[in-house]
1. Output yes when any residue across the stretch 50-57 is of a type outside the set (Gly, Ala, Ser), modelled with pLDDT of 75 or more and farther than 30 Å from SER214 by Cα, and no when none is.
2. Taking LEU160 and the conditions (1) surrounded by fewer than 21 Cβ atoms within 10 Å (Cβ to Cβ); (2) touching a residue at least 12 places away in the same chain (Cβ under 8 Å), which numbered condition does it fall short on, given that it satisfies the others?
3. Could you give every pair whose Cβ atoms fall below 6 Å, whose first residue belongs to the stretch 66-93 and is within 15 Å of ALA120 (Cβ to Cβ) and in contact (Cβ under 8 Å) with a residue 12 or more places away in the chain, and whose second residue is outside any helix (DSSP H, G or I) and among the small types (Gly, Ala, Ser), counting only separations of at least 6 or pairs across chains?
4. Pairs, please: C-beta under 9 Å, at least 6 apart or cross-chain, first residue within 16 Å of VAL80 (Cβ to Cβ) and in the stretch 203-220, second acidic (Asp, Glu) and loosely packed, with under 14 Cβ neighbours inside 10 Å?
5. Let me spell it out: the conditions are (1) farther than 15 Å from ILE68 by Cα; (2) of a type in the set (Gly, Ala, Ser); (3) surrounded by fewer than 23 Cβ atoms within 10 Å (Cβ to Cβ), and GLY131 meets all of them except one. Which number is the exception?
6. Out of the residues in the stretch 81-107 that are small (Gly, Ala, Ser) and not in a helix (DSSP H, G or I), which is modelled with the lowest pLDDT?
7. Filter the stretch 94-110 for residues that are crowded, with 24+ Cβ neighbours inside 10 Å and either without any contact (Cβ under 8 Å) to a residue 40 or more places away in the chain or of a type in the set (A, V, I, L, M, F, W, C) (or both) and give the result.
8. Do the conditions hold for VAL64, that is, is it at pLDDT 75 or above, in a helix (DSSP H, G or I) and surrounded by fewer than 18 Cβ atoms within 10 Å (Cβ to Cβ)?
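The values are calculated or read from the model by the stated rules, or taken from the named source; none is laboratory data. Since the model is a prediction, treat every value here as computed from it, not as a measurement. Glycine also receives a Cβ, built like all others from the backbone with ideal geometry; neighbour counts cover every protein chain displayed.
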Amino acid sequence: MGTSLLFVIFIILVALVFDFTNGMHDAANSIATVVSTRVLTPRQAVIWAAFFNFVAFIVFGTAVANTIGNGLIKIEDVTVGVIFAGLLGAILWNLFTWYCGLPTSSSHALIGGYAGAAIANAGLGVIIPSGWTMTLAFIVLAPVIGLVLGLVFYTMAMWLIYYSKSSPKAVTTWSRRAQLVSAAFYSLAHGSNDAQKTMGIITALLVSAGLLHSFKIPLWVVLAAQTAIGLGTLSGGWRIVKTMGQKITKLRPIDGVCAETASAISIFIATFLGMPVSTTHVITGAISGVGAAKRASAVRWNVTFKMVWVWLFTIPGAAMIAALGFLLLKPVM
């Protein structure tokens, strides 16, 4: 596959389009609870989330980007065509699930597409097993941690309210203020993990094209990826906000505080380990945990299980689309 500078620039633009769809699709993860509880308007919530997403890069660096770009696939077997087909698979899967209003994982669509195209190019030997072991484990662990912490935090909050004998009006007042903090905390966690994935892919592209000699993420890649995901967040995601914020369980400000804090802690754990987790998985688990703490019937489990089925199909679905795209486009790349 011949590599020209114009083709590389084109694929970088495709990667940024994926980043845009990631922001459009995953905007709901950062702002669903704070919008659904009416603590902030959608516009206010987007600005709040965008600020803390950007600050997260300054605080946490690019460990997750390194995992995505250099820890899952043997980079010596990655070509420009592999990156292009992988991105194509992820974008098509994102757009399909966005159209259906389903909060699937952009992160897993990306790694699925990347893996599918790489396997189509070089076979199963291209996979780095150690990198995938923890990544696949966190597909299960991340939402479970979020669910358990959401349940625990909500139970603790109810105990505190009961023993403090606070009035419902007082609880609503302080929990609305607290949710500004928990939303910022969650957005900081979201930025520490989710905003880095396209950075890793673009850097892998630059290495495979011979434009970088080692896997070191340039500052312009960071800034371009942050801008694209921010514009995506501003443009869409409201269908999924509705699903995340109200269809799983009805949320109050105190519920939002517990769900966002539980999600943030789960994501921070993953980021510390360098794992690219799904913020969608985590916030869904946390919201379900808060609902289950009230009573099991408070959670619309049919909606949750519908999401789980989409999650299970995300990596293989994006991988198959990417592999097919690679094989179809290989003669012209």
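1. Within the stretch 50-57, one or more residues are of a type outside the set (Gly, Ala, Ser), modelled with pLDDT of 75 or more and farther than 30 Å from SER214 by Cα.
2. Just one mismatch for LEU160, condition (2).
3. Pairs found: VAL80/ALA209.
4. As it stands, the answer is SER208/GLU76, since those pairs meet every condition given.
5. (1)
6. So in the stretch 81-107, the residues small (Gly, Ala, Ser) come out as 81, 85-86, 89-90, 101, 105-107.
When the remaining residues are screened for being not in a helix (DSSP H, G or I), the result is 101, 105.
Values: GLY101: 70, SER105: 79.
Selected residue: GLY101.
7. ALA109, LEU110, listed by residue number.
8. For VAL64, the condition - at pLDDT 75 or above, in a helix (DSSP H, G or I) and surrounded by fewer than 18 Cβ atoms within 10 Å (Cβ to Cβ) - is not met.
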